[in-house]
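Here's the structure we're looking at; comments come further down.
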Amino acid sequence: MTILPPPDQKVAYVNQMFGDVAQHYDLMNRLMTMGQDVRWRRLLVHAAALPRGGRLLDIAAGTGDIAFEALRQAPDVQVTAADFSLPMMEAGRAKRYSHRLAWLGADALSLPFADDSFDAVSSGFLLRNVVDVEATLAEQRRVVKPGGHVVCLETSPPPDNLLRPAIDLHLKVIIPTLGRLISGAGQAYSYLPQSSIAFLPPDELAAAFRAVGLREVRYRRLMFGTIAIHVGVK
């Protein structure tokens, strides 16, 4: 069984893990979510409220699914896809239309951009993997323009209800088994449910958004409460 790494080892662990699963990452996302992750990204980009010709930073862009969805919804936007996992971005750059994105290696805790640079900042499944959630959100707030949106798609601890046994079975048995069979990285896909269960519930993550100065904070729970889209405005 995977044990969550201590904070001083988390960055190296997460970087190695995403490098190991890069080639099968998209397929695993579709299988784990039964294809629902496509819809979630569509909702996330819509929540970013990008203006015509605007600029979007997608941090922890991975293989670029959110960035490509932004181009689909708003073909005239300028999208920067940034991540610290180079193998993930290499997988994304092999995709059709990847030349329309600006790809950049970057650390979510120290973004290499000036203040007020983007109309929106998006992330997908980033925050449970960082060592400091508020510092990460503060960086996103810093680089977004006044009136711009910070949006994230993130896992949430499963709610304690009648569906909890089925959700636990999916998280703790089905996902690691799929990960082992499809990608050969069962340990990485044991980390996923463990980090999800240990992460902040949506109301606490919303409080972190407010703590860094974002306003109009709201969230929407999806997938039986195990996923949430969070939105805040600078």
Proxy reagent accessibility, fewest Cβ within 10 Å first, across 155, 63 | 155, 63
Once you list every other residue whose beta carbon is under 11 Å from the beta carbon of residue 200, what net charge do they have if Lys and Arg are +1 and Asp and Glu are -1?
-> -3
DSSP bridge orientation in the chain - percent antiparallel, rounded to nearest 5 | 40 percent
Largest first and in whole Å, give the semi-axes of the range 65-143's equivalent ellipsoid, each being the square root of 5 times a Cα gyration tensor eigenvalue.
-> 21, 15, 11
Would you order 13, 97, 189 from fewest to most other beta-carbon atoms within 10 Å of each residue's own beta-carbon?
-> 97, 13, 189
One can check that the equivalent ellipsoid of the range 123-234, built from the alpha-carbon gyration tensor with semi-axes equal to the square roots of five times its eigenvalues, has lengths in Å, largest first, of 29, 16, 10
Rg and Dmax of the range 1-128 over Cα atoms: what are they, in angstrom?
-> 14.6, 47
Separation of the residue 13 and residue 172 label points, Cα + 7 Å toward Cβ, nm = 1.8 nm
Mind computing the radius of gyration and Dmax over the alpha-carbon atoms of the range 1-44? Å is fine for both.
-> 13.5, 35
Cβ-based net charge around residue 41, under 9 Å, with every Lys or Arg adding one and every Asp or Glu removing one = -1
Between residue 180 and residue 34, what is the spin-label point distance in nm, taking each point 7 Å from the Cα along the Cα→C-beta axis?
-> 2.4 nm
Dimensionless Rg over Rh [the chain; C-alpha; Kirkwood] = 0.94
Under 14 Å from the Cα of residue 145 - aspartates and glutamates, other chains or at least 8 residues apart | 115, 116, 119
Would you calculate the separation in nanometres between label points at residue 135 and residue 162, each defined as 7 Å from the Cα along the Cα-to-beta-carbon direction?
-> 4.5 nm
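All of the numbers you see were taken from the coordinates with simple rules; none came from a lab. Predicted, not measured: the structure shown is a model, and the values here were computed from it. Note: ideal-geometry Cβ built from the backbone for every residue, glycine included; neighbour counts use all protein chains shown.
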